[in-house]
1. Which one of 26, 8 is surrounded by 12 or more Cβ atoms within 10 Å (Cβ to Cβ) and closer than 15 Å to residue 105 by Cα?
2. How many of the residues making up segment 1-30 are out of contact with any strand residue (DSSP E or B) (no Cβ under 7 Å at 6 or more places or on another chain), part of a loop (DSSP other than H, G, I, E, B) and closer than 25 Å to residue 85 by Cβ?
3. Which number in (1) assigned to a helix (DSSP H, G or I); (2) without any contact (Cβ under 8 Å) to a residue 40 or more places away in the chain; (3) within 26 Å of residue 18 (Cα to Cα) marks the one condition that residue 71 misses?
4. If you take the residues in segment 87-110 that are in contact with a helix residue (DSSP H, G or I) (Cβ under 7 Å, 6 or more places away or on another chain) and in a loop (DSSP other than H, G, I, E, B), which one is surrounded by the most Cβ atoms within 10 Å (Cβ to Cβ)?
5. If you scan segment 111-140, which residues turn out to be part of a loop (DSSP other than H, G, I, E, B), farther than 21 Å from residue 1 by Cβ and out of contact with any helix residue (DSSP H, G or I) (no Cβ under 9 Å at 6 or more places or on another chain)?
6. Please specify each residue of segment 42-56 satisfying the condition of being assigned to a loop (DSSP other than H, G, I, E, B) and touching a strand residue (DSSP E or B) at 6+ places or on another chain (Cβ under 8 Å).
7. Could you count how many residues in segment 11-21 are over 17 Å from residue 106 (Cβ atoms), surrounded by fewer than 14 Cβ atoms within 10 Å (Cβ to Cβ) and under 16 Å from the mean Cα position of the chain (by Cα)?
8. Only one of 33, 84 is outside any loop (DSSP other than H, G, I, E, B) and assigned by the TED database to the domain that holds residue 11. Can you tell me which?
């Protein structure tokens with residue numbers, strides 16, 4: 001299980017799971033946006049970020065269940081699965097990958113580099129996020 005992340009506020013690494021909070025805010029339609037990871041107590045993303053949880057609430061099997069419930073209430077809530085609570089699916093998937101995909105957090109700062117963009121521009125949507133490739137990206 002991942003234990004440290006780069007704080008989206010100060011840019012420094014969190015020291016432990018206990019040191020990190022997940023923050024997000026609601027857009028004008030009440031959907032969840034701007035998912036951030038920040039140091040607990042030390043780095044405040046601002047008053048508009050009214051939602052926060054200990055990062056460990058989003059880790060492990062139960063954490064993944066909480067994250068998926070933001071996308072769908074599931075079949076027990078009816079055939080429609082309820083409404084989607086997140087506004088930007090790509091942003092939310094980035095947040096989930098940061099929490100659940102080993103190597104993603106280390107590779108993430110390099111995603112916009114010319115070298116990485118060129119190396120992975122013709123691949124499918126899975127290939128860049130495979131463990132071996134994330135390790136290579138993190139080294140670039």
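1. 8
2. So the count comes out to 5.
3. Among (1) assigned to a helix (DSSP H, G or I); (2) without any contact (Cβ under 8 Å) to a residue 40 or more places away in the chain; (3) within 26 Å of residue 18 (Cα to Cα), the lone unmet condition for residue 71 is (1).
4. Ranking the candidates gives 103 first.
5. In the first step, residues of segment 111-140 are kept if they are part of a loop (DSSP other than H, G, I, E, B); the result is 111-113, 121-126, 130, 140.
This time we only want the ones that are farther than 21 Å from residue 1 by Cβ, so: 111-113, 121-126, 140.
Listed by number, the residues that qualify are 112, 121, 122, 124, 125, 126.
6. 44, 45, 48, 49, 50
7. Selection size over segment 11-21: 0.
8. Numbers: 84 fails: outside any loop (DSSP other than H, G, I, E, B).
So the residue among 33, 84 that is outside any loop (DSSP other than H, G, I, E, B) and assigned by the TED database to the domain that holds residue 11 is 33.
The values are calculated or read from the model by the stated rules, or taken from the named source; none is laboratory data. Bear in mind that the values here come from a model prediction, so they are computed numbers and not experimental data. Ideal geometry is used to build each Cβ from the backbone, glycine not excepted, and the neighbour counts take in all protein chains shown.
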